[in-house]
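S.K.: I'd like to ask some things about the structure below.
Just so you know, all these numbers are worked out from the coordinates, no wet-lab data involved. Since the structure is predicted, the reported quantities are computational estimates derived from the model, not experimental observations. We place every Cβ from the backbone using ideal geometry, glycine too, and count neighbours over all the protein chains shown.
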Amino acid sequence: MACATRPCLRRESGASIEGSIVLITGANRGIGKALVDAFLKHGAKKIYAAVRDITRYRAFSNEENDETIIPVYIDLSKPDSIAAAAELSQDVTIVINNAGVLSKTSALDGNAVEALKSDMDVNVYGLMAMAQAYAPILKTNVARGSKTAFVQLNSVASFGPAFRCSGKDFATYSATKAAAYSITRALAQELAPHDVRVLSVHPGPVRTEMLPERLHALAEAPSAVAEEVIRALADGTPLHVFPDPHSKQLATIMRPFLTKVVEGGDVYNQGK
C-alpha cells in the first residue's frame, strides 16, 4: 500500500520535563509507579496519578500529602471514567498511557476468545478512548505554547512471534499489543501536523506483578524503563523507544525498517 502523503516523524526538539504537567495511567505499581517517581525526580510541576482505586492508592502511597501528585480515577475499560478524568486535567502536557492487562492464554485454550475480548477492552479500546479524550487537550496546549506528548506503553510482543516476542501462552496479550502498536502508529501520523509527539514504548521483560516469577531474573527494573521514557521525551526521539537490553536487541533487527518506512515515510510499492 502506498502512503505518499504521510508526514515523516523526524527527531524534534525535546519536551522539557521540568515544569511539565503529566498524567500517568496505572500509576499505583510497576512501571506506572516508577514513572511517577521519575517525573518527580526530574522536576514535573504536577502529576495526575490515574488509578482504578483512589482510596487504596492514597492509603498505600508515600506521596499522599504531596500536592504535586493528584490521584484521579481512570479504568481503561470504562470510557466514562476517561472522559471524566480529562475534564479534571485540561492543563496536562504529557499523557502516558501505561495501564494494561495480560492474560496468559494460548489461542487454543477454551477461554481464549473471552480473554482476548477482555484484553482488547483495556489494551486497545482503552488506548483509543484515552487518545480521543486527550488529543484535543494536547492540541489546545500546543496552541498555548506548550510542548506536548502522548506516550503509549506497548511491548516487544507488539512485533509478534516472528521475533520470539510472544510465546503460545501469551497469544491474546500479544495480539492486543500488536493492535495497540498499530493504533499508536496511526496516532503519530494524525497528531504530527498538530505538533503533538507520540511515543511507542516497547519494553522487554520488566519486573512487575504482570511478569511470571520465573522470568524476573532476566527482567529489567521498572525504574530503568521510566528513565528511558524520560530520556526519549527530553531528546526528541521520533516514535519508537526500546528501553531495556532485551528490547534493544530487537531494535537492531527492526530499526532499519522502522526508521526508513514507519518514521521516515518511505513508500512501499508492490511489485517493484
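S.K.: Normalised by the empirical 2.2 N^0.38 Å for globular proteins, what value does the Cα Rg of the range 21-263 take?
M.R.: 0.96
S.K.: Continuing with this model, one more query. At a Cα cut-off below 25 Å, give the lysines reachable from K46, other chains included and same-chain residues fewer than 8 away excluded.
M.R.: K33, K78, K139, K147
S.K.: Using +1 at the C-beta of Lys and Arg and -1 at the C-beta of Asp and Glu, which of V229, A86, T68 has the Cα lying farthest in the positive direction of the dipole of the range 21-263?
M.R.: So the residue furthest toward the plus end is V229.
S.K.: Report, in debye and to the nearest 20, how large the dipole of the range 21-263 comes out about its Cα centre when Lys and Arg carry +1 and Asp and Glu carry -1 on their Cβ. Don't skip to the answer; put the middle values down first.
M.R.: Values: 25 positive and 25 negative charges, 104 e Å.
Dipole of the range 21-263, to the nearest 20 debye: 500 debye.
S.K.: Something else now. For the range 23-149, with the dipole built from +1 on Lys and Arg beta-carbon atoms and -1 on Asp and Glu ones, taken about the Cα centre, which of V101, A27, T140 lies farthest toward the positive end?
M.R.: Highest projection toward the positive end goes to T140.
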